[in-house]
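Trainee: One structure is given below, represented as C-alpha cells, and several questions about it will come after.
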Amino acid sequence: MTGTVEKFIKMNDGIAIPVIGLGTFQGNYDYTSVHDIVVKAVKTAIDLGYRHFDTALVYDTEAAVGEAVRDKIQEGVVRREELFIVTKLWCNSHGKENVVPALHESLRKLGMDYVDLFLIHWPVAFKSGSGLLPRDDNGQIILDDDMDFTDTWQGMVECRKLGLAHSIGISNFNEKQIKRLVESTDVLPSLIQIEVNPFFSNDKIVSLCQQLGITVACYSPLGKPGRPWKKDNDPFISTDVTLNEIAKVHKKTPMQVSLRFLLQKGLVVIPKSNSYDHIKENTDVFDFQLTHKEMNSIDENCSCHNFKVLYLKELIGHSKEYPFNED
C-alpha cells in the first residue's frame, strides 16, 4: 500500500491502463440504455480528461460510447490511440467458436477496429443463440453448465492474436475460478474487474490477483448509491462518519476520499456518473494523499460492513459456476 498514485498502471502484458475510467452501465436491469445520456456523459468525460471507458454488450451502451468517441475524434479533442476502451463478452457467447464473432459484433456497435481490453463478463454460461437472457417456460434463465470457461478463454486468446483486443481479462470470477483458469493457460488475464469499495474490500480476490500479477479494477467503487434496491439502513459513502471526517481534513468529498483510498491500494476505479459535476469530482483525486492512519481507519471502520451490492440473485443455487456461492 503506497501513498503515491500514478495515473496509469502497467498490466502484466506491458500495456498501461488509466487508473480512473468512466462506467457506462445505466442500472437498467431490462438491459436497455438511454443512448443520448450516455453519449453526453462520455463526451463530457473526454473533455474533462478521461481516457478510459467501460462498456459491455449487455449494457446496451457500446453504440453510444462509439458515437461519443467518433465525435470527439472528429473535433480533434482526442485520438483513438489515446483512449482505453473496455467491453465484455456476454454469457450467451461462451462457446470457444462464438467468442470472436461476439467481439466482432461489439466492434460493429462501437464503430472500432479493436478494443483495448476484452473481458469475460461472468464465468456463468447461458444457452447460446437465444437472446441475452434465454428463459424456459417457467421464466428461469437457461444455462449451459456443460460449457467450461477455460474453453471460453481460448476464444479470448484468439481475439488477442487477431488484434481485435489488445488485452484480455475476466470479471466476477471467484478465487477457485481464477486459480483454475490460471492453471489451464499460458496466457494470464491482464485484468480482473470485480466489485470493490470501502464497504466491500473483497480482500481475498484482490490479494490473490495482486500476487498473480493480475491488475484489479473496481466496479461500483462508490457503492452504486443510485441502485433501485437500496434500503434505508444500508451503508452509504456520502453519509459515512469516517469518510466524512477524513474528507473534511483534506477539503474533499467522501466520494473522493473513497476513490483515493482504492487508488492508494493499487487498484483501478470505474465510477459511473452522468453528471458533469460528479464526473469532474471523481477525477479530482490526484492532489491529496491519505495517511497510513486514515487508510487503516477506513479499513477498520468501513470494510467491516462487508456490504456487497451486486449479486444476480436469480442465479444463486441455479448455476454451478455462479461465482458468489461461496460468499
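Trainee: Go through the residues of segment 1-9 one by one and say whether even a single one is over 30 Å from Ser207 (Cβ atoms) and open to solvent by 10 Å² or more (accessible area, probe 1.4 Å).
Mentor: Looking through segment 1-9, none of the residues is over 30 Å from Ser207 (Cβ atoms) and open to solvent by 10 Å² or more (accessible area, probe 1.4 Å).
Trainee: Another question, then. So which residues in segment 145-162 are at pLDDT below 95 and either surrounded by fewer than 18 Cβ atoms within 10 Å (Cβ to Cβ) or closer than 18 Å to Leu103 by Cα (or both), if there are any at all?
Mentor: Within segment 145-162, Asp145, Asp146 meet the criteria.
Trainee: Working only within segment 12-56, note down all residues that are among the hydrophobic types (A, V, I, L, M, F, W, C), open to solvent by 10 Å² or more (accessible area, probe 1.4 Å), within 29 Å of Val157 (Cβ to Cβ) and modelled with pLDDT of 95 or more.
Mentor: Ile15, Ala16, Ile20, listed by residue number.
Trainee: Here is a further query. Check Val285 against each of (1) under 24 Å from Glu6 (Cα atoms); (2) open to solvent by 10 Å² or more (accessible area, probe 1.4 Å); (3) β-branched (Val, Ile, Thr) and name the one condition it does not meet.
Mentor: Exception for Val285: condition (2).
Trainee: Follow-up. Counting just the residues of segment 124-142 that are of a type in the set (S, T, N, Q) and farther than 24 Å from Trp153 by Cβ, which one comes out least open to solvent (accessible area, probe 1.4 Å)?
Mentor: Gln140
Trainee: How many residues are of a type in the set (Val, Ile, Thr) and without any contact (Cβ under 8 Å) to a residue 40 or more places away in the chain when one looks only at segment 39-68?
Mentor: Qualifying residue count, segment 39-68: 4.
Trainee: Moving on to the next point. Search segment 89-123 for residues being among the basic types (Lys, Arg) and over 13 Å from Gly155 (Cα atoms), and hand back the single one that is least open to solvent (accessible area, probe 1.4 Å).
Mentor: Restricting to residues being among the basic types (Lys, Arg) and over 13 Å from Gly155 (Cα atoms), the top hit is Lys109.
Trainee: Of the numbered conditions (1) of a type in the set (Val, Ile, Thr); (2) closer than 26 Å to Ser190 by Cβ; (3) without any contact (Cβ under 8 Å) to a residue 24 or more places away in the chain, Val285 satisfies every one except a single condition; which is it?
Mentor: Here Val285 clears every test but (3).
Trainee: Here's a follow-up. For the structure I just gave you, tell me whether Ile237 is touching an Asp or Glu at 6+ places or on another chain (Cβ under 6 Å) and closer than 24 Å to Gln210 by Cβ.
Mentor: So Ile237 fails the test.
Trainee: If you check Thr291 against the conditions, is it surrounded by 14 or more Cβ atoms within 10 Å (Cβ to Cβ) and either among the hydroxyl-bearing types (Ser, Thr, Tyr) or at pLDDT below 95 (or both)?
Mentor: Here the answer is no, as Thr291 does not meet what is asked.
Trainee: Right, here's the next one. At least 1 residues that are touching a Lys or Arg at 6+ places or on another chain (Cβ under 7 Å) in each: list the helices (runs of 4 or more DSSP H) lying fully within segment 1-120 that qualify.
Mentor: In segment 1-120, the matching helices (runs of 4 or more DSSP H) lie at 35-47, 62-74.
Trainee: Still on this structure: Would you confirm whether any residue within segment 298-314 is loosely packed, with under 13 Cβ neighbours inside 10 Å, assigned to a helix (DSSP H, G or I) and over 21 Å from the mean Cα position of the chain (by Cα)?
Mentor: So far as segment 298-314 goes, yes, one or more of its residues are loosely packed, with under 13 Cβ neighbours inside 10 Å, assigned to a helix (DSSP H, G or I) and over 21 Å from the mean Cα position of the chain (by Cα).
The values are calculated or read from the model by the stated rules, or taken from the named source; none is laboratory data. Note that this is a predicted model, so its numbers are computed, not measured. Positions of Cβ are backbone-derived with ideal geometry, glycine not excepted, and every protein chain shown enters the neighbour counts. Areas reflect the complete protein model, heavy atoms only, side chains present, ligands, DNA and RNA absent. Shrake-Rupley method; radii C 1.70, N 1.55, O 1.52, S 1.80 Å.
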